[in-house]
Structure formats: structure tokens, C-alpha cells
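Report on one structure; see the data block that follows.
The values are calculated or read from the model by the stated rules, or taken from the named source; none is laboratory data. What you see is a predicted model, and the numbers here were worked out from it, not measured in a lab. Don't worry about glycine lacking a Cβ; one is built from the backbone with ideal geometry, like all the others, and counts go over all protein chains shown.
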Amino acid sequence: MVINIRGTNGSGKTHLVKRLIASHEAADVIENGRIIGHLLGKKLYVVGEYQEYAAHGGADGIKTSDEICRRVREFSKYGNVIFEGVIVSTVYQRWADLSIEIDQPWLWLCLDTTLEQCYKNISYRNLGRLYNKELVDEKYKTVIRTAERAEKDGEWVLQLSNDDAYNRIEEWMRNWTDLKDPKTIF
């Protein structure tokens, strides 16, 4: 299964993945001497590097969407994959094509954080420094449009709060050996 966590700046994407990493024995996946992801348990690969004190992580730290796709493809050969990022969240067709290419269930997991909460989270993360609200507003609208388009195209789209998403992923991870259809948990 591939879980593409989507949301605008401050929606909690990176926080959610860091929480998953912290609650499981995570092993770094290293390629050419660099961390390219993490393995949680035996079957869940996380795309990108997550530093404990960095505000950003995952796909946002990867230079190109080609490289993100390569990692998702590669990790999906060995297990389940989770990836996130603002860049990923504001693009549709690239990930829709990849979801067709990869022979695994694909979940567009959209965090339903309110725009006001996103502002608060960004302000907290930036230590109160100014940020471009108009840009955040536009990304927020784009994320909603891409989710609507995915749903219209028949993709598996689920809107959840950060806590609900964490609990569902944890439940899925506990049950995946016996689980024939991940949609029964999600």
C-alpha cells in the first residue's frame, strides 16, 4: 500500500510522519552514503529524511519529483510506502500516474486541518516570524482541488484529522499481516 499524505504548509504532514517514526523502531535506508528514507518495522518505508529538530522533511527535502517517484517505486517493491510534502500535495497528475503504475492500493490521505490552524502551526514553527499568508492560502486551495480531482478520477481519497490519521495508520500497521483489503481499516 502507498499512502500519500497531503496538506498545505502547517497542516501536520511532517509532524504525523515524525510521530510514526518515533513510535516505531526506525532504521535508516541508506544509498550512496546518504539517508533516503526510513524503514518502520518490517514493511513500511518512509520516503525522505526526517531530522528530529527540522521543521521540514520527507519529499520536501528531495530535489526532484523524478527522485521522489524513483524512491516510491523502489520502496514499493519491498513493502508499503508513506510519503508527504507540500510539493507533493500541490501536484496531481504526476502522482495519479504513479498510482496507476504501482501495483498496490494507493491512498490519498488528506489532512483536514483548518486554514486558521495551519497559520498557527506555521507561526509557531517559524517562532512568530512573518510568512506569506497569500501563498499558504493558494496552496490550501490547490490541495483541496487536487483531492477533489483525485476523487472525481476514482482515486481512493480520505480526509482525516492528524490524530485520526495517526491512529488509523497505527491500526493498519498492527493488522496488515492478516489484512486483505486496507480499506477495511481506512
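In this structure, Arg6 qualifies as in contact with a strand residue (DSSP E or B) (Cβ under 6 Å, 6 or more places away or on another chain) and either modelled with pLDDT of 95 or more or surrounded by fewer than 16 Cβ atoms within 10 Å (Cβ to Cβ) (or both).
Here is a yes/no grid of residues against (1) of a type in the set (Val, Ile, Thr); (2) more than 16 Å from the chain's Cα centre (by Cα); (3) within 17 Å of Thr14 (Cβ to Cβ):
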site: Glu116; (1), (2), (3): no, yes, no
site: Arg129; (1), (2), (3): no, yes, no
site: Val136; (1), (2), (3): yes, yes, yes
site: Val143; (1), (2), (3): yes, no, yes
site: Thr146; (1), (2), (3): yes, no, no
site: Gly154; (1), (2), (3): no, yes, no
site: Leu160; (1), (2), (3): no, no, yes
site: Ile169; (1), (2), (3): yes, no, yes
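When you scan the range 82-134 for helices (runs of 4 or more DSSP H) that lie fully inside it, which ones turn up with 1 or more residues that are farther than 30 Å from Lys42 by Cβ? Let's see the steps before the verdict.
Details: elements: 86-89, 93-101, 115-125.
Where helices (runs of 4 or more DSSP H) fall fully within the range 82-134 and carry at least 1 residues being farther than 30 Å from Lys42 by Cβ, they are 93-101, 115-125.
Of the residues Ile68, Ile30, the single one that is within 16 Å of the chain's Cα centre (by Cα) and β-branched (Val, Ile, Thr) is Ile68.
Filtered by the rule that a residue be under 13 Å from Ile169 (Cα atoms) and among the β-branched types (Val, Ile, Thr), the range 13-38 gives Val17, Ile21.
Considering the range 87-126, the residues that are under 21 Å from Gly61 (Cβ atoms) and of a type in the set (D, E, K, R) include one that is surrounded by the fewest Cβ atoms within 10 Å (Cβ to Cβ), namely Arg94. Within the range 159-173, residues that are farther than 21 Å from Ile144 by Cα and among the acidic types (Asp, Glu) have Cβ atoms under 7 Å from residues that are part of a loop (DSSP other than H, G, I, E, B) and at pLDDT 90 or above in no pair, counting only partners at least 6 apart in sequence or on another chain. Is the range 42-53 home to any residue that is at pLDDT below 95, more than 26 Å from Gly128 (Cβ to Cβ) and among the hydrophobic types (A, V, I, L, M, F, W, C)? Yes; the residues of the range 42-53 include at least one that is at pLDDT below 95, more than 26 Å from Gly128 (Cβ to Cβ) and among the hydrophobic types (A, V, I, L, M, F, W, C).
Count, please, the residues in the range 1-48 that happen to be assigned to a strand (DSSP E or B), closer than 23 Å to Val157 by Cβ and not aliphatic (A, V, I, L, M).
Looking only at the range 1-48, we keep the residues that are assigned to a strand (DSSP E or B), and these are 2-6, 26-31, 34-40, 44-47.
Adding the requirement that they be closer than 23 Å to Val157 by Cβ leaves 2-6, 44-47.
From the residues that got through so far, the ones that are not aliphatic (A, V, I, L, M) too are 4, 6, 45.
So the count comes out to 3.
Of all residues in the range 9-37, those satisfying the criterion of being buried (at least 22 other Cβ atoms within 10 Å of the Cβ) and either free of Cβ contacts under 8 Å to residues at least 40 places away in the same chain or among the basic types (Lys, Arg) (or both) are Lys13, Gly37. Consider the range 130-181 and keep the residues that are crowded, with 16+ Cβ neighbours inside 10 Å and in contact with a Phe, Trp or Tyr (Cβ under 6 Å, 6 or more places away or on another chain). The one that is modelled with the lowest pLDDT is Arg168.
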